[in-house]
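The values are calculated or read from the model by the stated rules, or taken from the named source; none is laboratory data. Note that the structure is predicted; figures quoted are calculated from it, not measured. Cβ sites come from the backbone with ideal geometry, for glycine too, and all protein chains shown count toward neighbours. Ligands, DNA and RNA are excluded from the accessible area calculation, which covers all protein heavy atoms including side chains. Shrake-Rupley method; radii C 1.70, N 1.55, O 1.52, S 1.80 Å.
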Amino acid sequence: MRAWLEVNLDILGENYQLVRNKIGAGVDIMAVVKADAYGHGIDRISKELDLLGVDSFAVISLDEARRVRRQSARPVLIMGYLDQKEIAEAIEEDFILSLYDRELIVFYERTASRIGKLARVHLKVETGLNRLGIEIDEAADVLTGQHRFPHVSIEAIFSHLTEATDRDSNLEQLRRLQQLLVKTQGRTPLLPIHFVSSGSLENFPEGRMDAVRVGLALYGVDEALPGTKPTLSCKSVIIQVKEVVAGEGVSYSRLFVADKPTTIAVVSIGYAEGYTQALTGRAEVLVKGKRVKVLGKISMNLISIDVTDLPVRRGDEVVLLGSQKDELGHVATVSANELAKWSNLRHHEIITRMGTALPRVYIGGKLDG
């Protein structure tokens, strides 16, 4: 392969156990595997998490839900939009729907009644993100009036934090959610609640409630939960080594011009493989366990790197995300957070872009154990 992702499933298992230990007994883990499990591969990740004992899954589409179902019989919440045909199919296939708009409950009831099934839903409440969600007063009306919809079963309540690491903001959103509980107290059954995500596991224990939704913590992206480690690496190979004299440019537009004799290596990856052009002029990669600069404009399928004074040759491994040892065993790392800073993108976007473009190699895990 000329460029690929490596996913370490043993580390996934370690991260999963750290989450379990952090939340304690009585709190479920809902694994977020949307966007092809954040680029890690929804099929293999779902199977591994099922074997690890995860309680449920969250996805964004019916297609993702079906891919999870092929790997696990555990509950799957579809958090995103479904058209009319997909809603009927999701109800028929016993997936859980997100009730994020008051009008949807009428359509869920009508559809479920027509096909003779129960529509399982989680009620999404607006507490401050101002994205998908039903306002507090309307949510209270839905909960107290759910007897009017006998084919709809509201199984849980959830909301979404605006800034997971901002404790003050989280507490304000929790206060708003508690308003709903006060408004409906004694008038509706007590329902499970899931509220917090990876970034708030550490600093917001009050929000853990009955279940936590975790993605980044499982994948170990920049220690969303302290102690977790990245499961994902991105690697490529050197395909040519050449000398550039002073005054010569490298790559398109001559954004880099050598000021002295320079040895460059051409690496088989570019923005078509998810290594965004926004990294131009900022990024570093690992070769022989050493950090080296990416030179010039990142092109569609190739980058050039400065390997002056490094003994490299065609076929040598290059790490664009992840860790690599030098000849003395010292480990150097390029993190998703660094890539995010260099490109002014979020680390979510970095890893999902790579995941849509590159083949994956899986290491370890319970299937291989």
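One table, with the values for the structure above:
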{"quantity": "Simple spin-label estimate for Ser253 and Met300 in nanometres, 7 Å along Cα-Cβ", "calculated": "1.7 nm"}
{"quantity": "Proximal lysines relative to Lys293, as straight alpha-carbon distance under 20 Å, when same-chain residues fewer than 8 apart are discounted", "calculated": "Lys235, Lys242, Lys260, Lys325, Lys341"}
{"quantity": "Square roots of five times the Cα gyration tensor eigenvalues for segment 201-278, Å", "calculated": "44, 13, 12"}
{"quantity": "For the chain, built as a Gaussian network whose Cα springs stay under 10 Å, the top-fluctuating residue of Val68, Val221, Val257", "calculated": "Val257"}
{"quantity": "Label-point separation in nm, Arg70 to Leu132, each point 7 Å along Cα→Cβ", "calculated": "2.3 nm"}
{"quantity": "Mean projected area (nm²) of the alpha-carbon convex hull when the chain is viewed from all directions", "calculated": "20.5 nm²"}
{"quantity": "Calculated SAXS-style log₁₀ I(q)/I(0) at q = 0.12, 0.13, 0.16, 0.18 Å⁻¹ - segment 118-200, Debye, Cα scatterers", "calculated": "-0.34, -0.40, -0.59, -0.74"}
{"quantity": "Cα convex hull volume per residue for segment 188-234 (Å³)", "calculated": "67 Å³"}
{"quantity": "Average accessible surface area per residue within the chain, 1.4 Å rolling probe, Å²", "calculated": "45 Å²"}
{"quantity": "Using distinct alpha-carbon pairs, which all enter the 1/r mean, Kirkwood radius of segment 21-100 in Å", "calculated": "12.8 Å"}
{"quantity": "Rg over Rh, two decimals, segment 259-309 (C-alpha only, Kirkwood Rh)", "calculated": "0.96"}
{"quantity": "Counting all C-alpha pairs of segment 297-369, share separated by more than 22 Å (%)", "calculated": "39 percent"}
{"quantity": "Accessible surface of the chain, 1.4 Å probe, proportion on carbon and sulfur as whole %", "calculated": "49 percent"}
{"quantity": "Spread of Cα-to-Cα distances over 10 Å intervals beginning at zero, given as percent, for segment 51-160", "calculated": "15, 47, 32, 6, 0"}
{"quantity": "Kyte-Doolittle mean at least -0.5 and Cα axial length at least 18 Å: DSSP H helices in the chain", "calculated": "9-23"}
{"quantity": "Mean projection area, nm², convex hull over Cα of segment 1-45", "calculated": "3.9 nm²"}
{"quantity": "Pairwise FRET efficiency - Asp141 versus Asp166, Cβ, R0 = 35 Å, nearest 0.05", "calculated": "0.70"}
{"quantity": "DSSP-defined beta bridges in the chain - what % are antiparallel, rounded to 5", "calculated": "50 percent"}
